[in-house]
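Chemist: Structure below; questions to follow.
The values are calculated or read from the model by the stated rules, or taken from the named source; none is laboratory data. What you see is a predicted model, and the numbers here were worked out from it, not measured in a lab. Ideal geometry is used to build each Cβ from the backbone, glycine not excepted, and the neighbour counts take in all protein chains shown. Remember, those area values only see protein heavy atoms, side chains included, never the ligands or the DNA or RNA. Shrake-Rupley method; radii C 1.70, N 1.55, O 1.52, S 1.80 Å.
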Amino acid sequence: MRSLLIFLGASALTACSVQEQMPDPSRQDVEHARLAAAELQHELQARLMEAMQSEGVEAAIRVCADEAQLISARVSDATNMDVGRTSFSIRNTDNAPDIWERQQMAAFRAAMSQGEAPQSMEYTEVVETENGMMFRWMKPIPMGDLCQTCHGTNVAPEVLDLIHELYPEDHATGYEPGQLRGAFTVSRPVINPG
């Protein structure tokens, strides 16, 4: 099989085509991607919780605006992989998905609508790009209860005002718990494929 599909039986992710000449993703790359995404999630959540507990929701929003991309860059540098987050409905335009990421998120959303648990999903593939072969990995981010404060259907007006001040083109509200909020995304060039 050309890709590692965790959770699948007849899931929609099998519709993603893979060119025959592409090597399988290595188990080592998959494990490193999992660890890198977990580190990004841990660092972001820890920093957001610290800001919320000490200064409130508005401080957490400012952490997202001022520090989230720096945390992603730090994790990327430490892991030698490009580690980030994306979504169909982005808040920060720097997190806009590419075509491959959109395809995987659509497959995640379809699988979730069929009752698949997002915690058991991930997708990985080696793809040909204009810059050569790339290892790609994604894992869904389901909407959690805590995220409702800034991304839910009942965001407080003062919170919305600050979000719109910092992110004039925001599209990342209106989510219900359990919906697909976005995905962690990891990539790196494939060196010496074999």
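Chemist: Only one of ALA156, ALA172, ALA183 is at pLDDT 95 or above and not aromatic (Phe, Trp, Tyr); which?
Modeler: ALA183
Chemist: Could you count how many residues in the stretch 77-93 are assigned to a helix (DSSP H, G or I) and in contact (Cβ under 8 Å) with a residue 12 or more places away in the chain?
Modeler: Of the residues in the stretch 77-93, 3 are assigned to a helix (DSSP H, G or I) and in contact (Cβ under 8 Å) with a residue 12 or more places away in the chain.
Chemist: Got a sec? Which helices (runs of 4 or more DSSP H) wholly within the stretch 97-177 have at least 1 residues that are farther than 18 Å from VAL57 by Cβ and open to solvent by 20 Å² or more (accessible area, probe 1.4 Å)?
Modeler: 99-113
Chemist: Next question. Is at least one residue of the stretch 132-141 among the charged types (D, E, K, R), closer than 24 Å to ARG188 by Cα and out of contact with any Asp or Glu (no Cβ under 8 Å at 6 or more places or on another chain)?
Modeler: Checked the stretch 132-141: no residue is among the charged types (D, E, K, R), closer than 24 Å to ARG188 by Cα and out of contact with any Asp or Glu (no Cβ under 8 Å at 6 or more places or on another chain).
Chemist: Name the pairs: first residue in the stretch 60-71 and touching a residue at least 12 places away in the same chain (Cβ under 8 Å), second residue basic (Lys, Arg) and open to solvent by less than 70 Å² (accessible area, probe 1.4 Å), Cβ to Cβ under 6 Å, at least 6 apart or on different chains?
Modeler: VAL63/ARG47
Chemist: Let me ask you something else. In the stretch 130-137, is there at least one residue being over 14 Å from the mean Cα position of the chain (by Cα), closer than 25 Å to HIS32 by Cα and basic (Lys, Arg)?
Modeler: no
Chemist: Conditions: (1) under 19 Å from SER26 (Cβ atoms); (2) in contact with a Phe, Trp or Tyr (Cβ under 7 Å, 6 or more places away or on another chain); (3) modelled with pLDDT under 95. VAL126 meets all but one. Number of the miss?
Modeler: (3)
Chemist: For ALA106, are the conditions met, namely being among the small types (Gly, Ala, Ser), in contact with a helix residue (DSSP H, G or I) (Cβ under 7 Å, 6 or more places away or on another chain) and more than 24 Å from PRO23 (Cβ to Cβ)?
Modeler: no
Chemist: Quick one: count up the residues across the stretch 178-194 that are loosely packed, with under 12 Cβ neighbours inside 10 Å and either assigned to a strand (DSSP E or B) or not polar (S, T, N, Q) (or both).
Modeler: 2
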